[in-house]
Amino acid sequence: MHVIRRKGWEIPESQVTPEAVAMNRRSLLKGVGAAGLMLAGGRAAMANDPAPTDNLHPYARNAAYTVEREITPEAITSRYNNFYEFGTSKGIWGEAQALKTRPWTIKIDGLVEKPMEIGVDDLIAAMPREERVYRFRCVEAWGMTVPWSGFGMKAFLDLAKPLGSAKYVRMETFLDPRQAPGQRQIWYPWPYVEAVTIAEAANELAFLVTGIYGKSLPKQYGAPIRLALPWKYGFKSIKSIRKITFTEERPKSFWEQLQAAEYGFWANVNPEVAHPRWSQATEEVLGQNRRIPTLLFNGYGDYVADLYKGLEKERLWA
Ligand SMILES: Nc1nc2c(c(=O)[nH]1)N[C@H]1C(S)=C(S)[C@@H](COP(=O)(O)O)O[C@H]1N2
Ligand SMILES: [Mo]
């Protein structure tokens with residue numbers, strides 16, 4: 001009989017249904033060891049679908065965004081992912097290779113001057129590309145530091161041209177249960193949805209990610225394009241974006257639909273506000289087996305604290 005002992009930071013985002021609990025246990029039992037077998041079983045090794053923008057990498061590093069922390073090695077972050085579309089364990093990198101990332105278009109609609117659909121490579125080619133080293137803090141109390149390649153969401157807004165009436169940016173992940181076995185678990189509200197205010201999207205830190213470690217984004221990180229919001233808990237950083245919609249009303253996110261009491265809209269990192277089921281005071285440094293104190297806004301308060309002036313009555317922290 002296997003006894004799986006989870007570390008504190010391995011508590012899944014949500015165990016809202018008995019099914020979710022059972023599934024999670026099963027995938028943990030399969031565990032990392034099974035990933036190698038799966039490869040032997042014929043699933044393509046970590047090879048991305050070739051893209052015309054692959055050779056634009058590496059993007060030049062923007063020295064304005066560096067951090068005091070050591071970059072987490074690729075060998076660690078590429079084998080420890082959260083991508084519920086492919087299963088609830090952290091070992092889904094093998095399963096995620098089934099995701100077909102080209103051709104890939106992004107639909108831009110809602111309150112914009114002109115709704116459009118754009119090929120991801122056309123978008124990448126048109127944007128001001130750069131690399132940024134960001135901290136990343138998951139709500140499960142682990143953190144990593146990674147060099148993301150991409151472009152500021154502000155540049156994207158300039159292209160999309162939202163109307164003055166738009167207050168929120170709603171982002172949606174692909175929906176294809178044939179590719180993503182997790183999406184056959186009908187008790188989750190697929191597709192994955194996340195949203196930010198226009199002001200948050202326009203903040204210089206909000207970053208659309210198309211690569212990591214100086215190359216195109218491997219599938220398990222949310223290829224071909226995902227978000228990075230380094231001052232918010234990781235679940236806000238939606239992966240594999242297919243649709244971006246500008247709205248007047250605040251959209252409900254995937255996690256908010258599942259468990260609003262635990263995963264709110266704002267989800268800013270705050271060491272002093274505990275998750276209902278665990279403390280947020282410290283975080284596990286991924287791959288280092290040690291904990292460090294968590295920082296307010298994950299250390300990005302100078303950039304973002306002003307966004308929340310006057311919103312003190314809102315539940316800003318979880
Ligand atoms: N579509 C989608 N996006 C997602 C998730 C997911 O399950 N599906 N998980 C979120 C969570 S909880 C985290 S911590 C990060 C993990 O990103 P990483 O695997 O690149 O570390 O992705 C976020 N974006
Ligand atoms: Mo997370």
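Things worth noting here:
- MET116-GLU68 FRET efficiency (beta carbon distance; Förster radius 51 Å; 0.05 resolution): 0.80
- GNM flexibility winner over the chain from LYS114, LYS232, LYS154 (Cα, springs under 10 Å): LYS114
- Remark: the Cα gyration tensor places the stretch 91-228 in the rounded category, a/c being less than 1.5.
- Fewest neighbouring Cβ atoms within 10 Å first, the residues LYS161, LYS90 line up as LYS161, LYS90.
- Using a Gaussian network model of the chain in which every pair of alpha carbons under 10 angstrom is joined by a spring, one finds that among GLY211, GLY119, GLY87 the greatest mean-square fluctuation is at GLY119.
- ³J(HN,Hα), Karplus 6.51/-1.76/1.60, whole Hz, each residue of the stretch 276-285, x for Gly, Pro: x, 10, 6, 6, 10, 5, 10, 9, 6, 7
- FRET E, pair ARG291, ARG79, Förster distance 30 Å, beta-carbon r, rounded to 0.05: 0.90
- Volume per residue for the chain equals 133 cubic angstrom (convex hull of Cα atoms).
- As a calculated quantity, the FRET efficiency between ILE186 and LEU56 at R0 = 30 Å, using C-beta atoms, amounts to about 0.15.
- If you take all other residues with their beta carbon under 14 Å from the beta carbon of GLU117, and give Lys and Arg +1 and Asp and Glu -1, the sum is 0.
- With 22 Å as the limit, the listed pairs LYS90/LYS219; LYS161/LYS219; LYS114/LYS243; LYS154/LYS232 have LYS161/LYS219 beyond it between alpha carbons.
- Taking θ as phi - 60° and the Karplus parameters 6.51, -1.76 and 1.60, the scalar couplings of the stretch 78-83 work out to 7, 10, 9, 10, 10, 7 Hz in sequence order, x denoting glycine and proline.
- For the stretch 193-318, diffusion coefficient by Stokes-Einstein and Kirkwood Rh (Cα), 10 °C, 1.306 mPa s, µm²/s: 101
- Fluctuation leader among ALA281, ALA96, ALA126 - the chain, Gaussian network, Cα springs under 10 angstrom: ALA126
- Between the stretch 112-128 and the stretch 289-318, the Cα center-to-center distance that results, in Å: 31
- One quarter of the surface of the convex hull around the alpha-carbon atoms of the stretch 42-152 equals 9.4 nm², the direction-averaged projected area.
- Each of THR53, TRP187, ILE106 was scored by the projection of its Cα onto the charge dipole of the chain, and the greatest displacement toward the positive side belongs to TRP187; charges sit on the C-beta of Lys, Arg, Asp and Glu.
- Positive minus negative residues near LYS219 (Lys, Arg vs Asp, Glu; Cβ under 10 Å): 0
- Contact order, relative form, for the stretch 26-304: 21 percent (alpha carbon pairs under 8 Å, 6 or more residues apart, mean separation divided by residue count).
- For the stretch 174-250, a/c is not less than 1.5, where a ≥ b ≥ c are the root eigenvalues of the C-alpha gyration tensor, and a/b does not top b/c. That puts it in the oblate class.
- Sequence-distant residues sharing a close amide H with ILE225 (under 5 Å, placed H): SER240, ILE241
FYI, it's all coordinate maths here, none of it is from the lab. Nothing here was measured: the structure is a model prediction, and the numbers come from that model. Cβ sites come from the backbone with ideal geometry, for glycine too, and all protein chains shown count toward neighbours.
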